[in-house]
Amino acid sequence: MTGTTAPRRGGRWIERWDPEDETFWQQTGERIARRNLLYSVLSEHIGFSIWSLWSVMVLFMGPGYGIDPAGKFFLIATATCVGALVRVPYTFAVARFGGRNWTVFSALLLLAPTVAALVVMEPGTSYGTFLAVAALTGVGGGNFASSMTNINAFFPLRKKGWALGLNAGGGNIGVPVVQLIALLVISTAGAGRPRLLLGIYLPLIVVAAALALLRMDNLAPVRADTGAVREAVRDAHTWIMAFLYVGTFGSFIGYSFAFGLVLQTQFGRTPLQAASLTFIGPLLGSLIRPVGGALADRFGGARITLGTFVAMAAATGVVVLASVRHSLPVFLVGFVALFALSGVGNGSTYKMIPGIFHARALARGLVGEDAAAYGRRLSGASMGLIGAVGALGGLGINLVFREAFLSSGSGTAAFVTFLGFYAACCTVTWAVYLRRPVGAPLPAAGAEPAAQLTSV
């Protein structure tokens, strides 16, 4: 029976899954999909917290550690880079091992960087050791890719914007949560007790893995499909959307990792003062991500994405002005607006991905479940690539910040660079997904009707 769960290969496997069938969805599918979404969010949430660990560890690293701001930015950038790169294999691990099985394994893997940081986090540890541990925390970044690929397969196309937005938003909120816990530790125990923060996360990781083991399912129809991967790599839309995702998620994760350090370096905030402000932007960006997905479901992902990039460019202009005038209140207004807007854009861009490939299926003459299956196949394959490239945007942001502070002691030049990038994102979104008249060909995509794509 469709949607039945059977033991297979040592886990809970659902042998048939058809979320586009309205009867199946209402009777069986929605309940199962929502349950898997809940526990996927929990594991991904903790993964984000561990991935962003060094955004708060650097706040604990006072003069006794002997690391300058440029060195701290490079620690953050290292974690960002590894987290971006592991997203590709994490995406395909779902098809190879099953979404439930991989969620359990990837959650338990978070114990390694947490324990390692617990051991080395003290003055006198070599910078190379800190770099190695920061790189290890990158495994937390992979949880997003496997979770999004898994949840994408559970939900019908009409629900993907909401489901993927909620899944990603619940994961993204792991960033401000770890920053809030750091604020609590610094305000109560002082900046010399980073191990308290790490100790809190050890049991949480075990709980997340145990709940995934007991409550999640594997989807047998989701198979490793190298043909889909090759097709996604060749498709221009995969790389166009990766570029746009650099502007949305790359901004979110890059700013989340760098915010506290920018406040300390450019505005002279103490660790406690920085920690008391750092969580605000990531929290708003995380909470609003499902809103971006819901707006995209209603008005079209391309329209919401373009509006978001225009607003992000305006907010960056405010940040540049505040940076030049050294005005912390204006800086905070502009920077927090960037976080919120990046959250909206995260939701809208990820909604576009399945819509684009569903439109490709319709253009090929496929209909009904055949079109939906093609869309799931290609969008699932592309999501890992898009997520990895997007996360590399966070690496770029931290490296640009590092260079700006090395050369001038200020982040102004970095923000001017980001402003130019958002202008490029506006141009690409409009030119590829909104400008074309009906019937105009898309890049490397034959001759799909543009009207189909403007609804994505």
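The values are calculated or read from the model by the stated rules, or taken from the named source; none is laboratory data. Since the model is a prediction, treat every value here as computed from it, not as a measurement. Don't worry about glycine lacking a Cβ; one is built from the backbone with ideal geometry, like all the others, and counts go over all protein chains shown. The area values use the complete protein model at the heavy-atom level, side chains included, leaving out ligands, DNA and RNA. Shrake-Rupley method; radii C 1.70, N 1.55, O 1.52, S 1.80 Å.
Of everything listed in (1) in contact (Cβ under 8 Å) with a residue 60 or more places away in the chain; (2) buried (at least 16 other Cβ atoms within 10 Å of the Cβ), the single unmet condition for A414 is (1). Would you confirm whether or not region 109-126 contains a residue that is surrounded by 24 or more Cβ atoms within 10 Å (Cβ to Cβ), in a helix (DSSP H, G or I) and of a type in the set (A, V, I, L, M)? No, region 109-126 contains no residue that is surrounded by 24 or more Cβ atoms within 10 Å (Cβ to Cβ), in a helix (DSSP H, G or I) and of a type in the set (A, V, I, L, M).
Within region 293-314, being part of a helix (DSSP H, G or I), open to solvent by less than 10 Å² (accessible area, probe 1.4 Å) and small (G, A, S) holds for G293, A296, G301, A302. Report yes if V262 is assigned to a helix (DSSP H, G or I), over 20 Å from A145 (Cα atoms) and open to solvent by less than 10 Å² (accessible area, probe 1.4 Å), otherwise no. Yes. Within region 279-292, is even one residue under 18 Å from the mean Cα position of the chain (by Cα), over 27 Å from L184 (Cα atoms) and open to solvent by less than 10 Å² (accessible area, probe 1.4 Å)? For region 279-292, residues under 18 Å from the mean Cα position of the chain (by Cα), over 27 Å from L184 (Cα atoms) and open to solvent by less than 10 Å² (accessible area, probe 1.4 Å): present. Kindly list the number of the only condition in (1) assigned to a helix (DSSP H, G or I); (2) modelled with pLDDT under 90; (3) more than 15 Å from the chain's Cα centre (by Cα) that fails for L332. Every listed condition holds for L332 apart from (2).
Considering the conditions (1) of a type outside the set (V, I, T); (2) in contact (Cβ under 8 Å) with a residue 12 or more places away in the chain; (3) over 23 Å from L196 (Cα atoms), A79 is excluded by exactly one of them, (3). Residues of region 147-189 that are basic (K, R) and either in a loop (DSSP other than H, G, I, E, B) or open to solvent by 10 Å² or more (accessible area, probe 1.4 Å) (or both): R158, K159. Checking A361, A381 one by one, the residue that is closer than 29 Å to G99 by Cα and more than 25 Å from the chain's Cα centre (by Cα) is A361 and no other. Among the conditions (1) surrounded by fewer than 24 Cβ atoms within 10 Å (Cβ to Cβ); (2) closer than 15 Å to F154 by Cβ; (3) touching a residue at least 60 places away in the same chain (Cβ under 8 Å), the only one that R100 does not satisfy is (1). Looking across I200, I240, one residue alone is closer than 30 Å to T412 by Cα and aliphatic (A, V, I, L, M). It is I240.
In region 361-378 there is no residue matching the filter, namely being surrounded by 24 or more Cβ atoms within 10 Å (Cβ to Cβ), under 30 Å from L157 (Cβ atoms), of a type in the set (S, T, Y) and in contact (Cβ under 8 Å) with a residue 12 or more places away in the chain.
If the condition is being open to solvent by less than 40 Å² (accessible area, probe 1.4 Å) and either among the basic types (K, R) or without any contact (Cβ under 8 Å) to a residue 60 or more places away in the chain (or both), then region 219-259 contributes only G227.
Quick grid of which residues meet (1) under 24 Å from the mean Cα position of the chain (by Cα); (2) over 27 Å from S49 (Cβ atoms); (3) β-branched (V, I, T):
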site: L197; (1), (2), (3): yes, no, no
site: V207; (1), (2), (3): yes, no, yes
site: A210; (1), (2), (3): yes, no, no
site: M216; (1), (2), (3): yes, no, no
site: P221; (1), (2), (3): no, yes, no
site: R230; (1), (2), (3): yes, yes, no
site: A236; (1), (2), (3): yes, yes, no
site: I240; (1), (2), (3): yes, yes, yes
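Is it fair to say R12 is in contact with a strand residue (DSSP E or B) (Cβ under 6 Å, 6 or more places away or on another chain), over 30 Å from G409 (Cβ atoms), of a type outside the set (F, W, Y) and not in a loop (DSSP other than H, G, I, E, B)? The answer is yes for R12. Suppose the filter is part of a helix (DSSP H, G or I), within 18 Å of V177 (Cβ to Cβ) and not basic (K, R); does V56 pass it? Judged against the criteria, V56 is a match. For region 190-204, taking the residues that are among the aliphatic types (A, V, I, L, M) and in a helix (DSSP H, G or I), the one that is nearest to L263 (Cα to Cα) is identified as L197.
The residue that is nearest to the chain's Cα centre (by Cα), counting only those in region 397-411 that are among the hydrophobic types (A, V, I, L, M, F, W, C) and open to solvent by less than 50 Å² (accessible area, probe 1.4 Å), is I397.
Within region 12-36, restricting attention to residues that are under 26 Å from L110 (Cα atoms) and either open to solvent by 10 Å² or more (accessible area, probe 1.4 Å) or in contact with a Cys (Cβ under 9 Å, 6 or more places away or on another chain) (or both), the residue that is modelled with the lowest pLDDT is R12. Selection of region 320-343 for residues being under 29 Å from F299 (Cα atoms), open to solvent by less than 20 Å² (accessible area, probe 1.4 Å) and among the hydrophobic types (A, V, I, L, M, F, W, C) yields F335, L338, F339.
Would you confirm, using the coordinates I've provided, whether F60 is more than 17 Å from A163 (Cβ to Cβ), within 21 Å of the chain's Cα centre (by Cα), of a type in the set (A, V, I, L, M, F, W, C) and modelled with pLDDT under 95? Criteria not met by F60.
Just one residue in the set I353, I397 is assigned to a helix (DSSP H, G or I), β-branched (V, I, T) and either within 23 Å of A220 (Cα to Cα) or free of Cβ contacts under 8 Å to residues at least 24 places away in the same chain (or both); that residue is I353.
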